Amino acid sequence: MAPVAAKRPTLNHADSGVNADGRRAPDDPTSVAAGTNFGADRPNWPAAILARPAMEGDMRLLLVEDDAMVGDSVRQGLRQDGFTVDWVRDGRSAELALANEVYDLMLLDLGLPRKEGLAVLSELRRRGNRIPVVILTARDAVSDRVRGLDAGADDYLVKPFDLDELGARVRAVLRRQSGRAEPEISVNGLTLNPSTREVTFHGSPVTLSAREFRLLEAFVDRPGAVLSREQLEEKLYGWDEEVGSNTVEVYIHALRKKLAPDFIKNVRGVGYMVPKMRGEA
Ligand code: CA
């Protein structure tokens, strides 16, 4: 990005001086967790901000930004940090993307065409969607920050911001999120933990690629439901990625090999499903 002036992080939740995970705020370097070397090159930044989650390379972000230059540089910066980024340019498109895809985090501009960012966020929370949201905005009035956090944002950056800072904030929010307990999903001997992304099959750990995990998660989220190839392709790819004609089959084959040949059933002419066994919720 054409380097915008770096701004030191000053915001934290409710300005209480304590982050959601109970640590002191980022501007207090004495809060760095003892015994870690994170941030040796940035001594003023605490480990909580600089530590990278192990799964970062698998993280998929939705960027909602109508300014082409800002959007382009933010997307490039986050891609260099190893994130997969889908970029939409208005509020309605954001809602459409969220309805069709699973994202780990949303970066949300407030001043947007078609639907304001705050309205998108409020609606999302009203529906019970807990996706982490970082607001990006040119507005720096205190009332806007408060309204954003009240509407359910997890963090907040005021433009112009530094891309390194953005990346650090995103990682911090994702880290807090992954510390939150989410119930494990168990289907037919398979247990999948959406928070830690750990998978076991009849008690044995299973190692999956990011896309294999995403595909499996789609099935076990809705056991008994038939998912079409198109639905599965959407789980596998960002909007601007090419999808090979037999890609879904390739991943299904891989999952069957790692689990059991009949774990995922073909439903002729319609798609695939993981059947719901009797006695499982
Ligand atoms: Ca805007």
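Among R175, R268, the order by Cβ neighbours within 10 angstrom, fewest to most, reads R268, R175.
What's the ranking of 142-153, 158-169 by average number of surrounding C-beta atoms within 10 Å, highest first? Before the final figure, lay out the partial values.
On the way: 142-153: 16.3, 158-169: 18.2.
The peptides rank, most packed first, as 158-169, 142-153.
Taking other C-beta atoms within 10 Å as the exposure proxy, E65, E249 rank E249, E65 from fewest upward.
Quick note: the coordinates plus some simple rules give every number you see, no bench work behind them. Owing to the predicted nature of the structure, the values given are computational and were not obtained by experimental measurement. Reconstructed Cβ throughout: ideal geometry from the backbone, glycine too, with neighbour counts over all protein chains shown.
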